[in-house]
Each structure stands twice: as structure tokens, then as C-alpha cells.
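The values are calculated or read from the model by the stated rules, or taken from the named source; none is laboratory data. Everything numeric here is computed off the predicted structure, so don't read it as measured data. All Cβ positions, glycine included, derive from the backbone under ideal geometry; neighbour counts span all protein chains shown.
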Amino acid sequence: MSDITTQNPVENFIDGKFVKNDLPTLDVFNPADGSLISTVPLSNSQDVDMAVQAAAKAFPAWSTMTLKERVQIFFGYRTLLEKNMDELTKLVQLENGKTYGEAKAEVEKSMELCEFAVSLPQIVVNEIQEVSKGVECRIERKPLGVVASISPFNFPNMVPHWTIPNALVLGNTMVMKPSEVVPMSTVRMAELLKEAGLPDGVFNLVNGGKEVVESICDHPDIKAVSFVGSTKVAKIVYKRATSTLKRCVALGGAKNHLLVLPDANPTMTASNVVASMSGCAGQRCMAASVMVGVDKVQHIIDKMVEDTKSLIPGDNLGSVISAATKERIERYIGEAEADGAKILVDGRNTTVAGKEGGFYVGPTIIDYVTTDMSVAREEIFGPVISIIRAKDLDEAIEIENGSNYGNAAAVFTESGGMAKQVMERASAGMIGVNIGVPVPREPFSFGGWNESKFGVGDITGRSSIEFWTQNKKTTTKWNPEAQTNWMS
């Protein structure tokens with residue numbers, strides 16, 4: 001690949017090659033400085049169909065390879081991710097605006113996801129049992145066929161790897177649709193997968209916007225769809241995909257609550273809460289969005305305010321994705337202030353010297369928020385945390401349970417009993433105890449509850465095996481001399 005700072009037009013990748021076309025395009029910008037870095041084609045239903053046909057053609061040969069044979073390709077691919085770590089990291093930085101450390105951590109997580117996928121031969125073991133004299137039953141896991149994955153802008157390298165390694169190692173072929181604002185990382189993935197030896201047509205890349213998503217949901221030859229994005233769109237995708245009798249799991253947004261108790265370690269709690277709300281500029285569905293301060297926690301809030309002084313936009317705090325995003329986040333802050341909340345740290349009107357065209361919001365802490373305010377209810381997706389005061393743990397849990405979302409929740413305390421109450425009563429799919437970003441590591445799967453996820457199962461970890469495969473049950477009897485019973 002050429003220098004990542006050049007403005008190479010993005011192309012679709014179908015049947016093992018990049019496809020030139022005369023489709024309309026969308027400009028792609030570097031959010032750190034506002035510069036134009038590429039263009040992306042706005043593909044249509046014909047492009048999706050071309051990719052599906054390529055995937056369908058590749059499926060018979062790919063699916064009949066043994067699991068161990070398919071795994072060997074991903075051993076090589078994982079090595080290529082490591083070999084190209086610096087380039088892939090800088091590519092995430094370029095199109096997403098993260099800091100180098102955040103972008104590198106994303107690529108490292110992609111490697112971990114590949115490591116889980118290559119362990120599948122040790123996990124996906126066929127079941128076999130003699131169920132009656134001379135009669136044997138067995139269960140084998142078989143791939144679905146052509147599947148599709150729709151990924152968001154906030155993790156251009158990691159989130160595609162939630163689906164690519166597992167779905168393909170399990171024998172499916174794929175059509176991937178990345179976010180149109182960060183299409184460059186997936187282009188490089190396609191190149192590396194081919195270099196690793198992935199057969200043509202097994203992985204296909206179709207860029208674009210709404211029409212591509214709708215075409216994926218509607219295409220009769222796509223058997224399953226995974227989606228990661230906002231709750232509003234996740235609902236639409238889930239309803240549309242399942243209406244055409246597909247499997248679908250659609251991960252939506254979040255409003256993660258961190259419950260802070262008076263006995264929490266002040267230094268650890270403050271640093272964890274601030275890191276959770278500001279990491280990746282708050283553009284992650286596991287970010288702290290609401291802190292519920294239980295009783296006397298002013299000393300921890302004071303420490304949080306102090307800790308934000310170490311966050312320097314353009315240095316260790318990345319940009320948000322677009323000018324429209326910056327404007328929307330700052331509007332939320334203004335509404336909270338107008339509604340009577342107190343802005344302890346104000347990240348509005350942030351600019352970075354030398355990157356005046358970039359889209360930056362500084363860390364923001366809003367105190368005395370009430371549950372009816374928009375900043376308490378709606379996903380902001382920026383480096384902003386709202387503080388709601390609660391008199392006791394019961395009230396704090398009631399506030400957390402009152403959210404429509406249910407991605408993550410965490411509690412900070414030195415009391416095991418208090419922590420256990422939150423673990424048992426919080427309405428969220430991922431719980432943290434003294435951890436601000438409670439993301440499960442492989443083989444544990446990622447997924448929330450309520451309006452943070454639609455569908456059954458998950459697309460990562462062990463749960464993904466069920467999603468990406470179907471069971472074939474076989475009953476056999478070869479010896480006619482065996483004792484006769486109802487099975488025969």
C-alpha cells in the first residue's frame with residue numbers, strides 16, 4: 001500500500017480484486033485536522049448483488065475445507081496484522097482521529113480476536129453418542145452460507161474483526177459494509193487477507209451508505225446480518241433483516257452508568273471514571289456517560305476535575321469524527337447548562353493549534369444533572385459525563401435501571417456486598433466492579449441488554465459460534481444384528 005497520507009480513492013473489493021466503477025462518491029476527511037484524505041464510492045444494490053454472487057460462488061469450496069485448514073489462513077493473517085501494526089495504527093488515526101496509543105490498542109484487540117478464532121478447532125468439537133444399541137447420534141456445526149457484517153465509524157479496525165475471523169473460520173463467506181466515513185482500514189484488511197491466502201470471494205467489501213445497508217437486509221441469498229451502530233439504526237436493520245427471514249444481531253447505543261459509592265478508592269475511581277468518559281474521545285459504546293454519585297462523594301468529584309487537566313486535545317485526547325458531531329455534543333452541554341446543571345469542566349469551543357480545521361471537544365464534567373435532562377437520557381458519544389446525585393444505593397440502581405439502554409454498568413466500592421447488589425440488580429449486559437470500561441476479553445462475548453442489543457446471542461466469543469453456524473444432526477445404524485428396539 002502507498003503512503004497512507006495520500007488521497008487514494010477507496011474501491012470495492014469483490015471476488016479477490018478491487019473494482020473500479022463510476023459510482024458517485026463521498027469525500028473522506030481526517031477529523032484531526034479536517035483535511036481531505038480520500039473518496040469512497042456510494043455503491044448500490046447491483047454492487048451488493050455482485051459481492052453476494054462472488055461469496056456464494058466461493059462458499060462450496062471454502063465450507064468443505066476442514067476447520068483446521070481454514071484456521072491456518074488466520075494464523076498467517078494474525079501475523080500480518082502484527083507485522084503491519086504501525087501502518088494499521090496510523091491508518092486508524094488518519095480516518096478516525098484517535099491518539100496513536102488508542103489506535104494501536106484497537107489493532108492489538110483485532111489480533112486477540114484472531115487468536116480466539118484460531119482456537120476454534122479446540123472449542124467446536126462435534127458431539128457423538130451411542131444412544132441405543134447399535135444406534136449412533138452426532139451433531140456437527142455447519143456454516144450458514146453468505147453472511148454480512150455492517151460496522152461503525154468508531155472502531156474501523158477492531159469492530160470488523162468482531163465478525164470476520166469467527167464467521168469465516170466457521171466456514172461462511174462474507175460481504176462487509178464499513179462505515180462510509182472510515183472506509184480505509186477495511187481496504188487494507190482485504191489486502192492482508194488476500195496476502196494470507198484467503199481464497200477469492202470469501203471476503204468481499206462493498207462501500208456506501210443507506211442503499212447498501214438496505215440491500216444487504218433485503219438480499220435473499222444473505223443468511224445472517226450483524227450490525228453495530230446507533231440504536232435508532234439497529235432497530236431498523238433488525239426489523240428489516242428479520243422480515244426477510246435472516247438471522248440478525250444488531251448492537252445499538254448505550255448510556256452507561258458508573259455508580260460511585262463513598263468508600264470507593266478516590267484516586268483509582270477518579271482516574272477510571274475520567275479515562276472511561278474520555279478514552280477514544282468518548283466515541284465508544286462502553287464509555288462512561290453517567291456517574292451516579294451515592295451520598296458523600298464530593299472528594300471523588302473534585303479529584304475527577306483535577307484529573308481532566310492532564311487531558312490535552314490533539315495530544316492525549318483525540319478528535320470527534322465530524323464537525324456535525326462536535327456541534328451536536330456542544331449543543332447537549334448547552335442544554336444541560338440551560339436546564340440548571342453545573343458545568344464543572346467545559347470542553348466547548350476547543351481548538352488545537354496547527355489543527356484548526358479539526359473537530360475537537362475537550363473533556364466535560366456536568367454536575368447536578370437530573371434524570372429528565374437530555375444529557376442524562378440520550379447517548380452523547382463524546383468526552384462528556386453527567387453526574388446525578390443519589391442518596392443511597394437503592395436509588396442509584398433505580399436510576400441505572402431507568403435507562404432505556406443496557407450495554408454496561410459499573411460500581412466503584414470497597415464493599416463486596418454493595419458490589420454484589422449492583423452485579424445482581426443492574427440492568428446491563430456487561431458489569432464492572434472498580435473497572436470503568438468492563439469489556440470482556442476473549443473468549444467471553446461482547447453484548448448488552450435492552451435497547452443496546454436486538455437479537456439473540458452475540459457476534460463475538462463463544463456465543464458467536466451459535467450465531468454463525470447451524471446444527472446438523474445425524475442418526476446412523478449399520479449392524480442389522482443389533483438388538484431391536486423403538487429406535488430401529
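When the criteria are applied in full, Ile128 meets the requirement of being more than 23 Å from the chain's Cα centre (by Cα) and free of Cβ contacts under 8 Å to residues at least 24 places away in the same chain.
Where residues in region 427-477 are in contact (Cβ under 8 Å) with a residue 60 or more places away in the chain and of a type in the set (A, V, I, L, M), which of them is nearest to Gly406 (Cα to Cα)? The qualifying residue nearest to Gly406 (Cα to Cα) is Ala428. Against the condition in contact (Cβ under 8 Å) with a residue 60 or more places away in the chain and within 15 Å of the chain's Cα centre (by Cα), how does Ser179 come out, does it pass? No, not satisfied. Quick check on Val411: is it assigned to a strand (DSSP E or B), of a type in the set (A, V, I, L, M) and within 30 Å of Gln298 (Cα to Cα)? Answer is yes for this residue. Kindly evaluate Val352 against the criterion of being under 30 Å from Ser415 (Cα atoms) and either under 25 Å from the mean Cα position of the chain (by Cα) or touching a residue at least 12 places away in the same chain (Cβ under 8 Å) (or both). For Val352, the condition - under 30 Å from Ser415 (Cα atoms) and either under 25 Å from the mean Cα position of the chain (by Cα) or touching a residue at least 12 places away in the same chain (Cβ under 8 Å) (or both) - is not met. Take the residues in region 80-92 that are of a type outside the set (A, V, I, L, M, F, W, C) and touching a residue at least 60 places away in the same chain (Cβ under 8 Å); name whichever of them is nearest to Leu193 (Cα to Cα). Among them, the one singled out is Asn84.
Can you say whether Val92 is at pLDDT 95 or above, touching a strand residue (DSSP E or B) at 6+ places or on another chain (Cβ under 8 Å) and not aromatic (Phe, Trp, Tyr), as far as the supplied structure shows? No, not satisfied. Of the helices (runs of 4 or more DSSP H) lying entirely inside region 219-308, those containing at least 3 residues that are modelled with pLDDT of 95 or more and of a type in the set (Asp, Glu) are 298-307.
With respect to Ala196, is the statement that it is of a type in the set (A, V, I, L, M, F, W, C), at pLDDT 95 or above, crowded, with 17+ Cβ neighbours inside 10 Å and more than 24 Å from Glu106 (Cα to Cα) true? Here the answer is no, as Ala196 does not meet what is asked.
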